[in-house]
1. Please work out how much length the chain gains when fully extended from Glu25 to Val236, using 0.36 nm per residue of separation minus the C-alpha to C-alpha distance, in nm with one decimal.
2. Hey, rough spin-label estimate for Thr292 and Glu372, points 7 angstrom out along Cα→Cβ, what's it come to in nanometres?
3. When the chain is fully extended, how far beyond the present Cα-Cα distance does His300 get from Ser189, taking 0.36 nm per residue of separation?
4. How high is the FRET efficiency between Lys208 and Arg33 when r is their beta carbon distance and R₀ equals 60 Å, given to the nearest 0.05?
5. Quote to one decimal, in nm, the extra length available between Glu201 and Met46 on full extension: 0.36 nm per residue of separation minus the C-alpha distance between them.
6. Using packing as a proxy for protection, rank 252-260, 43-51, 351-359, 306-314 so that the peptide with the highest average count of other Cβ atoms within 10 Å comes first.
7. Would region 15-132 count as rounded, prolate or oblate if I go by the C-alpha gyration tensor, calling it rounded below 1.5 in a/c and otherwise prolate when a/b exceeds b/c, oblate otherwise?
8. Sum up the charges of everything whose Cβ sits under 13 Å from the Cβ of Glu201, counting Lys and Arg as +1 and Asp and Glu as -1, but leave Glu201 out.
Amino acid sequence: MQQKNKSVSKKKNVQVAVRIRPLNETEKSEKARISLTAYEDKRTIMVKERCANKEFGPFDKVYGMHSSQLEIYTDLVKPLVQEVLAGYNCTIFAYGQTSTGKTYTMEGIHSHEADLDWKADTTAGIIPRALQHVFSQLEKQPNDDYSVRVSYVELYNEELYDLLGRSDIEQTRLRLYEDPIRKGSIIISSLEEVAVHNRDEVYNLLRKGAEKRRTAATLMNMTSSRSHSVFTVTVVMRESATVGEELMKQGKLYLVDLAGSENIGRSGAVEMRAREAGNINQSLLTLGRVITALTSGASHVPYRESKLTRILQDSLGGKTITTIIATLSPSSTNLEESYNTLDYAARAKNIKNHPEVNQKLSRRGILKVFDEEIERLKRDLQAAREKNGIYLDKDNYEYGFFHMKLMPLLKL
C-alpha cells in the first residue's frame, strides 16, 4: 500500500479541562458544604477546607456547577471534529470519581425532538452531539462519497467485550493487537462496526450498548459503571481535489468513558463488587503510572501493564490529539477523591503528543487492507476450529445439510 501524502505532524500537549457538577440530592440531604470553586477567568480550581485553601491549575478550561452541555461541546469537542474531518485521530475521555457526571458529560440525555440540531439540543452529551455535528459537516461536502461507522467496546475486569455484537446471549471476549500500519496504535480484533446516518441511530446504539454494559448500585451511585467503555467513530471521505486516482482520507474520534475511581470502603462494595472496584482502581493506577512516566521523561512507559493503557497508548504520548475532561463533585464529603482527580489532571496536562494526519489511501489500497483483514480472520477462525472443533452458523449448516442430501440424487 502506497502512502499518498507526506506525514504531517504537530507537537501538541494533551488538553485538560475540569468540570464541577452541582450538588446531588444525597449531598444536599447530608447538608454537605460546597468545597470546590471554579475560577474560569484564571482557569483554576480552588479547594476550600476548614483550615486552609489550595488552588489547582491553571488548566486549559475549567467549568463551574452551572456549565451547560453545549458550552462543554463548543469549547472542547467542536474543534476536534474539524481535526477528524481533516484526517486526524482524536480522543476525548472523561476521568473522575464515581457519580461526578462522566457518563452524563459523554452521553447526556436523549431528547426525542427529531428536528433539534447539535447546537439546539440542551441535554445531549458529547457522543450524540459529535455524531450530529459530523453529519452536518459532511452534508456540506461537494460530494456525498463518505461513510460513518461506529463501534462500542467495554473493558470489564481486564477483558474486552463488544457492546454492539450480534449475540444477545453471550458476549465474545476480544483480543488486542498492534496496528501494522500505524506504529503504536492498537486494533481490537473482530470488533463489530455499524454504519450510522443520523442522531437517532446513534442513540439506539448507545441504548443497546448500555443494556449490555455492567452497572451496579453502590453507596456512591445507584447505576455506577463497573467498566470502562470506548465509543469509536470512523469517518471515511473521498478526497474531492484529487487529480488522477481517487484518494480516501480517514479520521477517527475515540470517546472514552472511564469507570469511576472510588474508595472501596466508602462505596460499600463487597465480594464481587469489591473485586470489580479493585480491577477498576488497578487499571486507573496504571494509567497514573503511565502519566507519571510520560511527564518525567522515564525511559520505560508501562502501557502493557493494563489493557486500558494499551487502548489509550496512542492517545497519551502518541500520534492522537487528546482532550481529558476531569469531573468533580463540589461536596466536602468527597475531598480525598477530588484531590486525586485534580492531581491526575494537573500531571496529564504536561503530556506531549505528536499528532499525525492519517495516510490517504487509494481504493486499491483500501481493498488491500480488507484482504489482509480477511486473511487474518481466516487464520483466527482456523485456530479456533483446531482448538474447539468446527462450529457453523445455523443457516450455513442447513444450507450444507440440504446439499448433502442432494448429492446422492446427482449421481443417478
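Only the coordinates and a few stated rules stand behind these numbers; no lab work does. What you see is a predicted model, and the numbers here were worked out from it, not measured in a lab. Reconstructed Cβ throughout: ideal geometry from the backbone, glycine too, with neighbour counts over all protein chains shown.
1. Numbers: separation 211, 0.36 × 211 = 75.96 nm, distance 4.41 nm.
Once the chain is fully extended between Glu25 and Val236, it gains 71.6 nm.
2. In this crude spin-label approximation the distance works out to 3.7 nm.
3. Numbers: separation 111, 0.36 × 111 = 39.96 nm, distance 2.63 nm.
Between His300 and Ser189, full extension yields 37.3 nm more.
4. Values: r = 41 Å, r/R0 = 0.68.
The pair Lys208/Arg33 has a calculated efficiency of 0.90.
5. Working: separation 155, 0.36 × 155 = 55.80 nm, distance 4.08 nm.
So the chain would gain 51.7 nm between Glu201 and Met46.
6. Working: 252-260: 25.0, 43-51: 14.6, 351-359: 18.3, 306-314: 21.7.
Result, highest mean first: 252-260, 306-314, 351-359, 43-51.
7. Numbers: a/c = 2.57, a/b = 1.51, b/c = 1.71.
Oblate shape, in that a/c is at least 1.5 and b/c is the bigger or equal ratio.
8. Details: positive: Arg149, Arg199, Arg207, Lys208; negative: Asp200.
In short, +3.
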